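Engineer: My questions all concern the structure below.
Read-outs: derived from the displayed coordinates by stated rules, not from any lab. Note that the coordinates shown come from a computational prediction; the quantities given were computed from them, not determined experimentally. Counting neighbours? That spans all protein chains shown, and the Cβs are built from the backbone with ideal geometry, glycine included.
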Amino acid sequence: MKARKVLMQSRMSGLKEVNPMMGLRGSRLGITEMQTKAIAEVVVKMGGEGISLGKSYDYKVGTVIEVPHGAGTLTEVADFYSFTNDLTQMTFGTSRDDNKAKYFVKHGLLEKEMFETEGVGELVRLTVRAMHPMTEVCFFGEHAATPDEDAG
């Protein structure tokens with residue numbers, strides 16, 4: 001039990017960050033491997049006990065693009081891509097909730113607030129061009145609900 005406590009303390013100290021909004025604590029901590037393993041173990045156990053699920057399931061692997069470095073990655077293995085307004089924020093280095101975007105428009109640095117075609121839109125275009133033609137693409141967040149904020 002003591003070894004487990006030491007391991008947990010070590011893991012927790014490894015999560016310290018100077019800017020937590022740009023690190024792990026500002027991101028969703030993925031527990032995908034653990035969740036997938038748990039589902040697979042249940043299915044195998046049920047099969048071993050003669051219990052049928054009654055149908056088969058197809059699974060898709062996708063990715064959410066929230067940072068510029070993510071654009072264009074996994075294009076050969078992802079079944080779907082989701083682009084978020086976090087990609088916009090990370091590309092511009094400013095929060096959509098700040099008034100900086102209005103300042104940029106007011107002073108002619110941007111034509112529109114935040115989601116425009118020459119920066120973020122180009123990241124989206126580069127990613128879409130690199131992926132398999134049948135890959136699903138979607139947008140979510142504020143820019144998906146605002147028709148005038150189009151990736152072009």
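Engineer: Which of the peptides 43-52, 125-134 is most tightly packed, and how do the rest follow, going by the mean number of other Cβ atoms within 10 Å of each residue? Don't jump to the answer; show the numbers that get you there.
Structural biologist: On the way: 43-52: 9.5, 125-134: 12.9.
Put in order of decreasing packing, that is 125-134, 43-52.
Engineer: Next question. Ordered by packing density, taken as the mean number of other Cβ atoms within 10 Å over each peptide's residues, highest first, how do 74-83, 5-14 rank?
Structural biologist: Numbers: 74-83: 17.1, 5-14: 9.3.
Peptide ranking by packing, descending: 74-83, 5-14.
Engineer: Stretched out fully, how many nm does the piece from LEU126 to MET8 gain, at 0.36 nm a residue minus the Cα gap? Write down the numbers at each step before the final one.
Structural biologist: On the way: separation 118, 0.36 × 118 = 42.48 nm, distance 4.08 nm.
Computed gain between LEU126 and MET8 is 38.4 nm.
Engineer: Need the list of lysines near LYS102 for cross-linking: C-alpha distance under 26 angstrom, and skip anything on the same chain fewer than eight residues off.
Structural biologist: LYS112
Engineer: Hey, can you grab everything whose amide H is under 5 Å from the amide H of PHE83? Only 5+ residues off in sequence or another chain; H modelled, so Pro and N-termini drop out.
Structural biologist: Under 5 Å from the amide H of PHE83 lie the amide H atoms of ILE65, CYS138, PHE139, PHE140, each far enough along the sequence or on another chain.
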